[in-house]
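Here's the structure, in structure tokens; my notes come after.
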């Protein structure tokens, strides 16, 4: 399988509402996408922004699962899915390192 060529650096969305701040960033200042919100309701625009921002995490989780399901890859998949619906859960290893 070939290496994915997307922009690296954790993707995140700008502050809400997406209709006013529609930019998706990689890292601190790299703009990677802009959500077009014309004709969408607020909930749909917010959901689209969350899903786009979660794209790299979803890709990485799917790739990890393809290579074999382990407790760590399943946690990565769970976190990616939560991010895709606008909920962020800090991974256990990050939470433990911060303690």
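The values are calculated or read from the model by the stated rules, or taken from the named source; none is laboratory data. These numbers come from a predicted model, not from an experiment. Cβ: placed from backbone, ideal geometry, glycine included. Neighbour counts: every protein chain shown.
Identify all residues within the range 15-31 that are assigned to a strand (DSSP E or B) and surrounded by 19 or more Cβ atoms within 10 Å (Cβ to Cβ); write none if there are none. Once the filter is applied, which keeps residues that are assigned to a strand (DSSP E or B) and surrounded by 19 or more Cβ atoms within 10 Å (Cβ to Cβ), the range 15-31 yields only 24.
Could you say whether any residue in the range 2-14 is part of a helix (DSSP H, G or I) and either in contact with a strand residue (DSSP E or B) (Cβ under 8 Å, 6 or more places away or on another chain) or over 27 Å from residue 74 (Cβ atoms) (or both)?
Checking the range 2-14: not a single residue is part of a helix (DSSP H, G or I) and either in contact with a strand residue (DSSP E or B) (Cβ under 8 Å, 6 or more places away or on another chain) or over 27 Å from residue 74 (Cβ atoms) (or both).
Of the residues making up the range 67-83, those that are in contact with a helix residue (DSSP H, G or I) (Cβ under 9 Å, 6 or more places away or on another chain) and either in a helix (DSSP H, G or I) or crowded, with 18+ Cβ neighbours inside 10 Å (or both) are 72, 73, 74, 75, 76, 77, 78, 79, 80, 81, 83. Counting the residues of the range 37-46 that are in a helix (DSSP H, G or I) and buried (at least 17 other Cβ atoms within 10 Å of the Cβ) gives 2. Of the residues making up the range 21-45, those that are out of contact with any strand residue (DSSP E or B) (no Cβ under 9 Å at 6 or more places or on another chain) and modelled with pLDDT of 90 or more number 11. The C-beta contact set for the range 52-73 (first residue free of Cβ contacts under 8 Å to residues at least 12 places away in the same chain and not assigned by TED's automatic domain parsing to the domain that holds residue 26, second residue part of a helix (DSSP H, G or I) and loosely packed, with under 12 Cβ neighbours inside 10 Å, distance under 9 angstrom, 6+ apart or interchain) comprises 72/93. Considering the range 47-57 alone, what residues qualify as being buried (at least 18 other Cβ atoms within 10 Å of the Cβ) and under 14 Å from residue 10 (Cα atoms)? Hits for the range 47-57 are 50, 52, 53, 54, 56, 57.
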